[in-house]
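These notes are about the structure you will find just below.
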Amino acid sequence: MRGLSHKYIVKSIFLFAILALGGCGKNEIKVEFQLPKNVNDAYRMTYYASDSEKGWFVETVAAVQQGKVQMICATRNPTIVFIMESGSLPRAAFYAERGDKIKIVGDSSDPFSWKISGNKLTEEWSRWRMDSRGSLASGDSGKINRAVGDYVKKNPDKPLSTLLLLIYYDRRADEAGFQKLWNLLKGKALEPKWMQLVSRSDLLKDAPDFTGKLNSIILHTYGNGIDTLKVGKLPMLLYFWRENDAKRNEGIEIIGNLVKEFPDSGSRMIADICFDPDSIGWQSVVRRDSLKKVVRGWNFRGETDSVMMRAGVARTPWFIIFDSKGKETYAGDSPQHADSLFRKELSK
């Protein structure tokens, strides 16, 4: 967790302060870390904060000094807070509602080993994570899927089963296994609120999309919080990128030229989707680009997201073009080919 820049931490704290000041004092979750005194680390925490009118995707930093820090996470509605490192899986996570006091206790700096308390769901999640620590730390999708499956089979009516399936289960490694486990869920586990909390891009109408065709993509978006892209309504160009991609600027320039020549956003859909894990860095890049009439999306799961897997996005930069009927007409890494073929779709 070390290595987070001072600039990064300042930006995170600034964003957090804006959110905290924007609501009443009760719209908050208190988080307390109690780790060994030799732990001096910065832990990246992400969550979706919302009220009755709007929402924000928040990324902040828990700067633990001598094993301790106390934080406030501002939100009115229930949320899931992820403690991230590299990769798409959280090192730890917890569910919280406003007014909750979350306590994180551990005997090391490793989040996999932490005991997290504050509400029944979080405490049950914490026990599962600690019991499954070996599988999670291995990074082996087969082992992680088995750990999730074992819990779901024993607890098909518990909300935690839904969360574990949506957060930890690798559909790319075993799509049939995911569908089989999903069909076991019942009762409270199928309440829409648990699926809405995760906000995955393969969730349609509060259930996973099991069709082979890509129909819809749900994204965290700059300015709106969350947007849904409907495939098959208009000609669509999707551009997937990371800030350090060699050809990123070339792709952005091509998109900018397309927007200038085809300004009517009601006749086409263009979206650029960032796979970088740092949402603050992504927002900084988006502001610098200042593209208009384009959906500016972000997906920190990157290629491991189940929809990205089904779409065949194996790396960045990557382009996908769909015609107005939802048929994929191009998938590849050439900005020039994407530009040429999308212009052909727009001229039909």
Checklist outcome for this item: The answer for region 245-331, accessible area per residue at 1.4 Å probe in Å², is 42 Å²
Item to check | Percent RCO, i.e. relative contact order, over the chain, from Cα pairs under 8 Å lying at least 6 residues apart | outcome: 12 percent
Checklist entry - What number comes out for the charge environment of residue 170, summing +1 per Lys or Arg and -1 per Asp or Glu over other residues with Cβ under 12 Å away? => result 0
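If I compute solvent accessible area with a 1.4 Å probe over the protein chains, what percent of it on the chain is carbon and sulfur? Before the final figure, lay out the partial values.
Numbers: 8080 of 16200 Å².
Carbon with sulfur: 50 percent of the solvent-accessible area.
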Next on the checklist: Explain nothing, just the number: relative contact order of region 216-348, from Cα pairs under 8 Å at least 6 residues apart, as a whole percent.
Outcome noted: 32 percent
Checklist outcome for this item: If every Lys and Arg gets +1 and every Asp and Glu gets -1 at its Cβ, then about the Cα centre region 118-189 yields a dipole, in debye to the nearest 20, of 160 debye
Checklist entry - Do any of 30/158; 101/188; 158/180; 154/180 go past 21 Å between their Cα atoms, and which? => result 30/158; 101/188
Next on the checklist: Which residue fluctuates most in the GNM of the chain (Cα springs below 10 Å): 267, 216, 113?
Outcome noted: 267
Checklist entry - What dipole magnitude, in Debye to the nearest 20, does region 48-137 give about its Cα centre under +1 on Lys/Arg Cβ and -1 on Asp/Glu Cβ? => result 180 debye
Checklist entry - Assigning unit charges at the beta carbon (Lys, Arg +1; Asp, Glu -1) and nothing else, what dipole magnitude in debye, to the nearest 20, does the chain show about its Cα centre? => result 480 debye
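Given a 1.4 Å probe, how much area per residue of region 59-180 is accessible, in Å²?
Values: 5240 Å² over 122 residues.
That works out to 43 Å² for each residue.
The values are calculated or read from the model by the stated rules, or taken from the named source; none is laboratory data. What you see is a predicted model, and the numbers here were worked out from it, not measured in a lab. Ideal geometry is used to build each Cβ from the backbone, glycine not excepted, and the neighbour counts take in all protein chains shown. Please note that ligands, DNA and RNA were not included when accessible areas were found on the heavy atoms of the full protein model with its side chains. Shrake-Rupley method; radii C 1.70, N 1.55, O 1.52, S 1.80 Å.
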